[in-house]
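What follows is one structure encoded as structure tokens, with my remarks underneath.
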Amino acid sequence: MKFNIFLLEDNNVERQQFKQILQAIINSKHALSHSVITSFANTDSLNRHLPSPSSRNIFILDLEINGEPQAGLKMSQVIRQHDPQAYIIFLTIHDEFLYQSYKYRVNALDFIDKKQGTIRDDLTKDFTTILSQQQRSQNGVKLTFRNNASVFRIAVNNILYFETNHDQRRHSFLITDNNERLPINASLNQLADQLTEYHFYRSHRSFLVNIDNIEEIQDSTIRFFNNATTCPVSRLKKRGLINALSQINNHSSRNNDNI
């Protein structure tokens, strides 16, 4: 998935430290691999660069900016009015403003106290929460594909994998959990670019697989949950696929522990 992460921090040293922490979290989670961090030193600059509203926007705001203790809170109101679905996380040494954040009614995901020294752990938990919420919301998402003159829609979780059409290199086959083999007007490269927000992985130069539907990987074979369908994984791609699958399974395990 691609998230747009916006960091507001006026202290140059801390801003670089937080960017490094965020990049480390992104690097540790395959589902965040396409995410982009943009940092700002003041509210005016952030205000000028507010993105289009999206549930994939994450704002991490220091409360005190350029000597104004509640500048981050005020900025969060502007963000929330502009972007109702965005995630907002506060960083601060002023834990006395916790009540104020609720008073401002910005529905913040977290309020992290810089003095506790647990910023990386706290942000990691926040991103895990965000990923689980996004995963639940996308389970019912349907994607639209074109097949010559016709158009059809299919739920993401009903897709097992895409396979190159060797007779038409700019076309592919979509294989469903019912073992349907549907021709589509898109190459694997195009599909990989278009589906970055979902859990698809290029397991082989001719295959793009839905990680959420993988039951097991044995030797050079991927087996899916429908128990009837397999596809190959190349030796060069196997380790990356196992790592991606492990990370998603870890998210699921944590989510189940919290139910």
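Every read-out reported here was derived from the displayed coordinates using simple, explicitly stated rules and does not represent laboratory data. Everything numeric in this text was worked out from a predicted model, so none of it was measured. Glycine gets a Cβ as well: all are built from the backbone with ideal geometry, and neighbour counts include every protein chain shown.
Dipole magnitude for region 133-217: computed about the Cα centre from +1 point charges on Lys and Arg Cβ and -1 point charges on Asp and Glu Cβ, it is near 340 debye. Within the same chain, lysines fewer than 8 places from Lys237 are excluded, and of the rest, those with a Cα less than 26 Å from its Cα are Lys2, Lys29.
Dipole size of the chain about its Cα centre, with +1 on Lys/Arg Cβ and -1 on Asp/Glu Cβ: approximately 880 debye, rounded to the nearest 20. Lysines near Lys114 by alpha-carbon distance under 23 Å, same-chain residues fewer than 8 away left out - which ones? The reachable lysines, counting only those whose Cα sits under 23 Å from Lys114, are Lys19, Lys74, Lys103, Lys125. Can you classify region 191-242 as rounded, prolate or oblate using the Cα gyration tensor, where a ≥ b ≥ c are the square roots of its eigenvalues, rounded means a/c under 1.5, and otherwise it's prolate if a/b beats b/c and oblate if not? It is oblate, given that a/c is not under 1.5 and a/b is not larger than b/c. Since only Tyr201, Ile214, Phe145 are under comparison, the one whose Cα sits farthest along the positive direction of the charge dipole of region 121-244, derived from C-beta charges on Lys, Arg, Asp and Glu, is Phe145. Our summary of shape: the Cα atoms of the chain have principal axis extents of 64, 39, 33 Å, ordered from largest down, in whole angstrom.
Taking every C-alpha pair closer than 8 Å and separated by at least 6 residues, the mean separation divided by the residue count of region 124-197 gives a relative contact order of 21 percent.
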